[in-house]
Amino acid sequence: MRPSADKINSLIKASELYYLHHLNQNQISDVMHVHRTEISRMLKEAKKLGIVKISVDTTFGSAKNMSKFFERAFDLKTALVVPDDQAGSYKESLDTLGLYADSFLHSLIKSNTTIGLSWGQSLAAVVDKFQQDVFPKNITVIPLIGGPRGSLPAPYHANSIVHRLASKITDAIPYSLDTPALIKSKELKDELLDNPNVEKVISMWPDLDVAIFGIGSRESSGNKSWQQFYKETSFASGLGKMAAGDILSQPFTAEGKILKLPEINIIGMSLDQLRKIDRRIGIAAGKQKAGGILGALRSGLVTDLITTYSTALEIKSISQM
């Protein structure tokens, strides 16, 4: 059973009172109005979940305040700013991101929900931490973009992420988009779009209820996954010259202006189509992503953001420069 956000908050509070403020379990019981025997179990669970390591992660309160700041500053429905160890590895940050994102994503999936997913390491990490559960009926999961031309690791493909998420939902149907994302010519793109399977997926995009996607950044172009996805395309040079970041392989400036790169042919949902979806959840972490995330927030393409506290600090800093 996945822990809810309220449950995680309670575990953090109990851990802080015990390890940082040195209250005994009887005192914590009085403060939290929880039976004493429950406190011991909560402390053990906090260790198991990684909230308590060598020390208690005390950034939660700051992260909660940061969430409120982002919601106000960028008119977001939800900003889920996740406490993280700023000295930890990128993988550790993504694992923590997935743990916190789980409860939030479950809350969005109702009966007859159609979910669209992009590609990338951050999104893959969140889906991998997603806990299987009994869900409402008739869930549809579809890719928002085609696959890479380079040798991007298979777990980061949109089709792969779609099928992994669908496998964790009791009544879900996954679809695949069996075409490259970036096409060499308009003629080849038109030919691929004539494929009935491709037509089927694209026809479902206007009916999406939730879109979940990663956010690329110019500063992360040294990332191997990023390089493999855009291998042998002109996208990398275009992004490097003009843009701060990209969503669904479509770039925008640091001010949030969408850029049109006419020489690039993409089989993927357009940003104009994306903007019409009610819930548009951007997931990204890492200080190198801060510029791209800020541009995405300013573009109005993101209704909900999931990121780490250290990333949020960097975004806030550069937004005030």
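The values are calculated or read from the model by the stated rules, or taken from the named source; none is laboratory data. Keep in mind that what you see is a predicted model, and the values were worked out from it rather than measured. A quick note on method: Cβ atoms are made from the backbone with ideal geometry, for glycine too, and the neighbour counts reach across all protein chains shown.
With the range 143-247 as the region, which strands (runs of 3 or more DSSP E) entirely inside it contain at least 3 residues that are modelled with pLDDT of 90 or more? Before you say what the answer is, go through the steps one by one.
Working: elements: 172-174, 210-214, 245-247.
The strands (runs of 3 or more DSSP E) meeting that bar are 172-174, 210-214.
Sub-9 Å Cβ pairs linking a first residue in the range 264-280 that is more than 19 Å from residue 305 (Cβ to Cβ) to a second residue that is basic (Lys, Arg), at least 6 apart or interchain, are 265/184; 265/186; 265/189; 266/189; 267/189, ordered by first then second residue. With respect to residue 286, is the statement that it is within 18 Å of residue 86 (Cβ to Cβ) and either assigned by TED's automatic domain parsing to the domain that holds residue 176 or modelled with pLDDT under 95 (or both) true? Here the answer is yes, as residue 286 does meet what is asked. Is it the case that some residue within the range 113-120 is at pLDDT below 90 and touching a strand residue (DSSP E or B) at 6+ places or on another chain (Cβ under 6 Å)? For the range 113-120, residues at pLDDT below 90 and touching a strand residue (DSSP E or B) at 6+ places or on another chain (Cβ under 6 Å): present. Each residue in the range 268-321 was checked for being buried (at least 24 other Cβ atoms within 10 Å of the Cβ), assigned to a helix (DSSP H, G or I) and polar (S, T, N, Q), and 1 pass.
Take the conditions among the hydrophobic types (A, V, I, L, M, F, W, C), at pLDDT 95 or above and either in contact with a helix residue (DSSP H, G or I) (Cβ under 7 Å, 6 or more places away or on another chain) or surrounded by fewer than 24 Cβ atoms within 10 Å (Cβ to Cβ) (or both) and apply them to residue 264. Does it pass? Quick ask: steps written out before the conclusion?
Working: among the hydrophobic types (A, V, I, L, M, F, W, C): yes; at pLDDT 95 or above: no; either in contact with a helix residue (DSSP H, G or I) (Cβ under 7 Å, 6 or more places away or on another chain) or surrounded by fewer than 24 Cβ atoms within 10 Å (Cβ to Cβ) (or both): yes.
Here the answer is no, as residue 264 does not meet what is asked.
The conditions of being outside any loop (DSSP other than H, G, I, E, B) and in the same structural domain as residue 156 (by TED's automatic domain parsing) are not met by residue 37.
Which residues, counting only those in the range 120-142, are of a type in the set (S, T, N, Q) and in contact (Cβ under 8 Å) with a residue 60 or more places away in the chain? Walk me through how you get there before you give the answer.
At the first step, the residues of the range 120-142 found to be of a type in the set (S, T, N, Q) are 121-122, 131-132, 138, 140.
Correct list: 121, 122, 131, 140.
Among the residues of the range 97-142, which ones are part of a loop (DSSP other than H, G, I, E, B), surrounded by fewer than 21 Cβ atoms within 10 Å (Cβ to Cβ) and among the hydrophobic types (A, V, I, L, M, F, W, C)?
Of the residues in the range 97-142, the ones part of a loop (DSSP other than H, G, I, E, B) are 109-113, 118-120, 130-132, 134-138.
Pick out the ones that are also surrounded by fewer than 21 Cβ atoms within 10 Å (Cβ to Cβ) and you get 109-113, 130-132, 134-138.
Once the filter is applied, which keeps residues that are part of a loop (DSSP other than H, G, I, E, B), surrounded by fewer than 21 Cβ atoms within 10 Å (Cβ to Cβ) and among the hydrophobic types (A, V, I, L, M, F, W, C), the range 97-142 yields 109, 130, 134, 135.
Just one of the numbered conditions (1) in a loop (DSSP other than H, G, I, E, B); (2) on the phi < 0 side of the Ramachandran plot is not true of residue 75: (2).
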